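The values are calculated or read from the model by the stated rules, or taken from the named source; none is laboratory data. What you are looking at is a predicted structure, and each value in this text was computed from that prediction instead of being measured. Backbone-built Cβ (ideal geometry, glycine too); neighbour counts: all protein chains shown. Accessible surface is based on the protein model in full, side chains and every heavy atom, while ligands, DNA and RNA are left aside. Shrake-Rupley method; radii C 1.70, N 1.55, O 1.52, S 1.80 Å.
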Amino acid sequence: MITVVKFGGSSVASATQFNKVKNIVKGDEKRQAVVVSALGKRNKQDSKITDLLYVLSSHIKYAVDYSSVFNEIYFRYNEVKNDLGLKYDIQADFDAFKANLKNGATEEYIVSRGEYFCAKLMANYLGYAFVDAADVIKFNYDGTLNYEKTKQLVKAKYEEVGAMVVPGFYGSYPTGEIKLFSRGGSDITGSLLAMALEAEKYENWTDVSGVLMADPRIVENPKRIAEVTYDELRELSYMGASVLHEETIFPIRELSIPIYILNTNAPSDEGTAILQSSSISDGIITGISGKKNYKAFTIAKAITANKSVVIRKCLEVFEHFKVAVEHIPTAIDKFNVIVDGKKVEKKLYDIIGKLKEVEGVVNVDVDGDLALVAVVGRNMALKPGMSGLIFSIFGKNNINIKTIAQSTEEISIIVGVAEADFEKAINAIYDGIVR
Ligand code: ASP
């Protein structure tokens, strides 16, 4: 059985980083399928190649001279090639790229070259076969992934070439035209390969030693999460934790392939395991995340109006305006509809107007000062009084709870607070439960 390894942008930012990647890959012969991102930042001031490629593409779109940004990109790749003393004919590939730019290349093609050139360099450096993602990662005409085709093609290719390097972040339509995933999508390429090759595990190498229990910009020195389940990770990332691309889990979930988040710069650190289920049961919560900028609509109905009907009709209003509903806490004659603030910014008054027209609705108020904090943990259900504990922590810290949402399965408890209390709330929970 093999291991799929994916290296993010900072892991391939320079020749020094390429060298670390080689040591990791060659350190275990099971590491047979390698996915790379485009070159990332070498330091804080540096640019990510993917960002430069988007700039290049808009220069072309608006017919602005693009030679300096093109040269900057070429320079980054050429430097890695020279520093590593590789034979790869980078000039020929960049000439072909330039010719395509003159012939109406699409933005998706242009941006995909970041991963493409990086994979070419890496394949040459490792002595592995280069496999173009356009030949094995396949989308349908409607832009959805074609899992079956992808599985077949990846498997056949691996059987043909053996150890391989595949560029992340893109695939192709049935016509062969390049299609990108959304930003951060190289994570998905890795998990598609893991699915197709029925890998023993999927190692996702980055620049942090695993996932932390809370955002280190908010909580000082938060602990590392040793194991997190697929479901917990989904809750944490949905509520703002940026770990993996949200869709990474989908292809490998059914096969229960574990993912490990590891640090290219500290390869012997333990990292975080993302698993179907976990047997670690110490610690009540797994992590805390959260987001600001929510809006809560408070809708009051007439005492005589049928609640289910009013809720349904109000939700239809949100559906009509294509606004996803996050939570719907209800009371007897009132209920809240909580949505992402950015999604309603431009249509707020239209939505309020339509809600007021719903039969049975007597009043609509909007609270625009709402942040949600998610306390996530598979062990919470086993511990009675979790919500009580959170309430008392908030009480002690003088934090007013605006709303609370909890599912019966209790993998997460979501609490709404004023935006000004957001950081304080996360710290209070961390100090009260974890420390
Ligand atoms: N290079 C792409 C990005 O910056 C994709 C990736 O790194 O996963 O979003």
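Among 373, 161, 21, the residue with the largest mean-square fluctuation in a Gaussian network model of the chain, with springs joining Cα atoms closer than 10 Å, is 161. Taking chymotrypsin sites (Phe, Trp or Tyr not before Pro) in DSSP loop states with no more than 10 other Cβ atoms inside 10 Å as exposed sites, the chain has its longest site-free stretch at 142-435. Does anyone have the angle between helix 15-26 and the longest principal axis of the chain? Alpha-carbon axes, 0 to 90°, nearest 10? Relative to the chain, helix 15-26 is tipped by roughly 90 degrees.
Under the combined filter of DSSP loop state and at most 15 neighbouring Cβ atoms within 10 Å, region 173-231 retains these GluC sites (Glu not before Pro): 177, 198, 200, 220.
Looking at the chain as a GNM with Cα springs under 10 Å, which of 215, 365, 51 has the largest mean-square fluctuation? Answer for the Gaussian network model of the chain: 365.
Once you reduce region 205-230 and region 371-409 to the center of their Cα atoms, the two points are 20 Å from each other. For the residues 119, 331, 163, a GNM of the chain with alpha-carbon springs under 10 Å puts the largest fluctuation on 331. Of the listed pairs 201/291; 295/322; 41/155; 48/346, which have alpha-carbon separations greater than 23 Å here? The answer is 201/291; 41/155; 48/346.
Accessible surface calculations at 1.4 Å, restricted to protein heavy atoms, place the chain at 46 Å² per residue.
Extension gain, residue 83-residue 238: 0.36 nm per intervening residue step, less the Cα-Cα distance, totals 51.8 nm.
Considering only the chain, what is the antiparallel percent among its DSSP beta bridges, to the nearest 5? Percentage antiparallel, nearest 5: 60. Any idea of residue 332's accessible area? Nearest 10 Å², probe 1.4 Å. Residue 332 has an accessible surface of roughly 140 Å² with all protein chains in place.
Cross-linked pairs 26/87; 347/402; 301/342: no Cα-Cα separation exceeds 29 Å.
DSSP loop trypsin sites (Lys or Arg not before Pro) in region 159-225 with at most 13 other Cβ atoms within 10 Å of their Cβ, which ones? Listed in order of number, the matching sites are 183, 217.
Computed from backbone phi with θ = phi - 60° and the Karplus coefficients 6.51, -1.76 and 1.60, the 3J(HN,Hα) list for region 158-163 is 5, 4, 6, 9, x, 3 Hz; x is used for glycine and proline. Distances between placed amide hydrogens fall under 5 Å for residue 326 paired with 338, 339, 340, all partners being 5 or more residues away or on another chain. With respect to the chain, whose longest principal axis is taken over its alpha-carbon atoms, helix 386-396 is tilted by about 80°. Between residue 129 and residue 424, full extension at 0.36 nm per residue minus the direct alpha carbon distance yields a gain of 101.1 nm.
Phi-derived couplings, Karplus 6.51 cos²θ - 1.76 cosθ + 1.60 at θ = phi - 60°, listed residue by residue for region 46-52: 5, 9, 7, 4, 4, 5, 5 Hz, with x used for Gly and Pro. For residue 225, the residues whose amide H sits under 5 Å from its own are 211, 212, 213, ignoring neighbours fewer than 5 places away on the same chain, with H placed 1.01 Å from N.
So which of 20/81; 22/223; 44/424 end up more than 21 Å apart, counting from Cα to Cα? Distance filter (> 21 Å) returns 22/223; 44/424.
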